[in-house]
Structures are given as structure tokens and as C-alpha cells.
Amino acid sequence: MDKKLVSIVMGSDSDMPVMKQAAEMLDKFDIAYEIDIVSAHRTPEKLYDFASKAHERGMVAIIAGAGGAAHLPGMIAAISPLPVIGVPIKSTNSIDGWDSVLSILQMPGGVPVATVALNGAKNAGILAAQIVSAMDKTIQTKLMEYKQEMKEQVNKKSNDITSGKNGANK
């Protein structure tokens, strides 16, 4: 798929080790995306321009990761009509990640942000793929195959453990 459908943004390049997991999942499902740094606090004009025009560029979902005060996902959700998936990131200035989690999770009524776990960009990528799959049956099929692969992996590990192949039951 060549047309970019998902935007991945983060407040700082230090967020990239976490946010690349979202990109990896979108790559797995062959969903084209754009990726950029958009700081809610240091580049508010860029934030407004990005959030107000993402839907005009054909995006269908936005994944926004931020640490510390983590205002980026909420500010994008306040401006954009698109679904926003917030990724709280445990950063160097974070209070064990709780400040980021609560900043993204505790949005006021009328401004929803789907929030994944702390450093949960992988799930953000999967959720964005699920949003895209509502209009693309090929992506939906790939998601169903992915879920089947996970099921098979767990069943194999369960079988290995119960049969003693992993050193258990000896």
C-alpha cells in the first residue's frame, strides 16, 4: 500500500526507540505511514498545522507518543477529527511514567484519546492497523492471520511446558 494512512508523531527524537515499534507493526501489515517529531510545547504552530490538516492528507489514524507532561496526543485530539492513539513514554524527566500515562489517559469528555500501555507503541501500531482494517479487508485478513500466529505460539509453548520439553515436569 503506497498511500500513507497513519501518522506517527512523537514529542522528541528520544521517543524513537519506543515509537519505532508502532512503525514495525504497520510495516508488518503493509500499511504506509509518515513519521515526524511534533512537540506540543516547543513547536505549537507545527502541532496545530499537523493536527488540523492530517485528515486532508488522507490519514485515517494518528499515533502520538510523548513522555513527561505528555500533552501531544490530547492536543492533537482537540484539533483533529481523526482517532488518536496515545502512547505514554517513560522518559528521563518522567515520574516513573505515571505522569505520561495520566496526562494521556485522563482526557476531558469530548476529546477522546485511545491510550495504550506505558511504552506500548507495538499495541498502538496494531490498533491503528485495526482502524485501517475497517475499510480494507486485506489488512483485516493479515490481522486475523497475526492473531492466529499468536495463538499457535502460545499453544506450542503450552505444549512444550506440559510435555516437559522446557525442563518443566522433571
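The values are calculated or read from the model by the stated rules, or taken from the named source; none is laboratory data. Values in this document were obtained by computation on a predicted structure and should not be read as measured data. Note that we place each Cβ from the backbone using ideal geometry, even for glycine, and neighbour counts take in every protein chain shown.
Just one of the numbered conditions (1) under 27 Å from residue 145 (Cα atoms); (2) under 14 Å from the mean Cα position of the chain (by Cα) is not true of residue 30; which one?
The one condition residue 30 does not meet is (2).
Could you give me the residue pairs with C-beta distances under 7 Å whose first residue belongs to segment 131-151 and is more than 21 Å from residue 83 (Cα to Cα), whose second residue is among the basic types (Lys, Arg) wherever it lies, and which are 6+ apart or on separate chains?
none
Name the residue, out of 38, 101, that is touching a helix residue (DSSP H, G or I) at 6+ places or on another chain (Cβ under 9 Å) and either outside the structural domain of residue 125 (by TED's automatic domain parsing) or more than 17 Å from residue 132 (Cβ to Cβ) (or both).
Details: 101 fails: touching a helix residue (DSSP H, G or I) at 6+ places or on another chain (Cβ under 9 Å).
Checking each option against the conditions leaves just 38.
Just give me the residues in segment 38-72 being touching a Leu at 6+ places or on another chain (Cβ under 6 Å) and within 20 Å of residue 93 (Cα to Cα), in sequence order.
Answer for segment 38-72, where residues must be touching a Leu at 6+ places or on another chain (Cβ under 6 Å) and within 20 Å of residue 93 (Cα to Cα): 38, 40, 64, 66.
Sort out which residues of segment 30-48 are assigned to a loop (DSSP other than H, G, I, E, B) and of a type outside the set (S, T, N, Q), and write them in order of number. Break it down stepwise before answering.
Let us first name the residues in segment 30-48 that are assigned to a loop (DSSP other than H, G, I, E, B), namely 30-32, 38-43.
Listed by number, the residues that qualify are 30, 31, 32, 38, 40, 41, 42.
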